[in-house]
Amino acid sequence: MILLCSGIHKKSIVRYDVIMQATIISVANQKGGVGKTTSTVNLARALVEAGKRVLVIDSDPQSSLSIVHGLDPRALRELDATGKTFYFGLVKDAPLDSLVIDGAPSLIPASIRLANAETELVSPFGVATVLKEKIAVLRESFDFILIDCPPTLSLLTVNALTASNAVVIPCKTDYLSIMGIPLLMDTIENVRRRANPGLKIIGILPTLFNARAGHDAEALQELRTSVAVKRVEVFDPVNRSTAFDKANVESKAALELFPETPGIEQYKVVAQKIIELHATQN
């Protein structure tokens, strides 16, 4: 929150205008196929339905978020050819606000060129802080900025975590996905220690849950047990459903098209946690 003095009245009363700063959330997991992009899309929709100004940033060279947002490969190539993708804001000199495609939510798209960012990022303050420096131009234009991270613990993910107020961790309810959570926790702790001491974990959101499969229930319990010592919240799971694939085809959020899908209300629960965090920071 920024306070701006706007003048002095006759009786020396100073009025302050409050400028709210966006809360930045990374949606991160180094394992692919855990519902990370789907979670970003539906969390953004839940925040939009709550009347918030929302921007989503596609920080994954696979561009899944951009494609779900309605940009086909040809459109992405055209945007890339004209310097209008996230790569040019992160690595080059394009201001991030010049890359925003307006909407509800708004979008900064990605392209395969973003894969080169690892070797091209340069900053006098350290390559892990590049996005933190550049994203400042957006913070007064939105209430929330969600960053869809790539499925790696790469420099792109570290930049997102360094720039963020908090992280949401989608996790598929299988043992291979759960085994990777401690490594992600270590990365978050390293980012806290070296670059962003205020980084919070909103919680872990179990995804692709099959209530009829006993091993999913066992894996969910294992997940809750494994993070209990760190006092990290594990939300109730989002069920596996064809609604998400159908919504992707329509370039919409399942929360918008199929709001009665079992478990989908968890996106609203997590969104409310994000809104509560925003209230404490502004």
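No value in this document is a laboratory result; all are computed from the given coordinates. All of these numbers come straight from a predicted model, not from anything done at the bench. Positions of Cβ are generated from backbone atoms using ideal geometry, with glycine treated the same way; all protein chains shown enter the neighbour counts.
A few remarks follow.
- Extension gain, residue 82 back to residue 127 (0.36 nm per residue minus Cα-Cα distance, nm): 13.7 nm
- 5 angstrom amide H check on residue 56, placed H, neighbours 5+ away: 106, 107, 108, 146
- Each principal axis of the Cα atoms in the chain has its own extent, and those three values, largest first, are 70, 48, 39 angstrom.
- Note that segment 110-118 has calculated 3J(HN,Hα) couplings of 10, 9, 4, 4, 4, 4, 7, 4, 3 Hz, one per residue in order, obtained from phi through the Karplus relation 6.51 cos²θ - 1.76 cosθ + 1.60 (θ = phi - 60°); glycine and proline are x.
- Nearest-0.05 FRET efficiency for residue 190 and residue 115, computed from C-beta distance (R0 25 Å): 0.65
- Summed side-chain charge close to residue 255 - residues other than residue 255 whose Cβ falls under 11 Å, Lys, Arg +1, Asp, Glu -1: -1
- Distant-in-sequence amide H partners of residue 24 (H built 1.01 Å from N, under 5 Å): 145, 165, 166
- Highest mean packing first, where packing is the average number of other Cβ atoms within 10 Å per residue, the peptides 246-252, 139-145 line up as 139-145, 246-252.
- Residues in segment 40-53 carry Karplus couplings, in order, of 4, 4, 7, 5, 4, 5, 4, 5, 4, 5, 7, x, 9, 8 Hz; the curve used is 6.51 cos²θ - 1.76 cosθ + 1.60 with θ = phi - 60°, and Gly or Pro positions show x.
- For residue 217 and residue 92, the FRET efficiency from 1/(1 + (r/R0)^6), where r spans their Cβ atoms and R0 equals 41 Å, is about 0.30.
- Residues 202, 275, 57, sorted so that the one with the fewest Cβ neighbours within 10 Å comes first: 275, 202, 57
- Beta bridge orientation in segment 22-281: antiparallel %, DSSP, nearest 5: 5
- Spatially proximal aspartates and glutamates relative to residue 230 (Cα-Cα < 16 Å; intrachain offsets below 8 disregarded): 186, 189, 222
- Helix-derived mean residue ellipticity, 222 nm - over the chain, DSSP H n ≥ 4, -39500 (n - 2.57), to 500: -11000 deg cm²/dmol
- Using the empirical formula 2.2 N^0.38 Å as the baseline, the Cα radius of gyration of segment 170-239 reaches a ratio of 1.16.
- Amide H to amide H, with H built 1.01 Å from N, residue 195 comes under 5 Å of no residue 5 or more places away or on another chain.
- Full extension of the segment from residue 175 to residue 269, taken as 0.36 nm per residue of separation minus the current Cα-Cα distance, would add 31.4 nm.
- Here the dipole of segment 22-281 is about 400 debye; that uses its Cα centre as origin and unit charges on the Cβ of Lys and Arg (positive) and Asp and Glu (negative).
- Violating pairs (Cα-Cα greater than 32 angstrom) within the set 52/246; 92/268; 92/246: 92/268; 92/246
- Top positive-direction residue, dipole computed over the chain with Cβ charges, set 281, 131, 156: 281
- Ranked by the mean number of other Cβ atoms within 10 Å per residue, highest first, peptides 76-87, 213-224, 106-117 order as 106-117, 76-87, 213-224.
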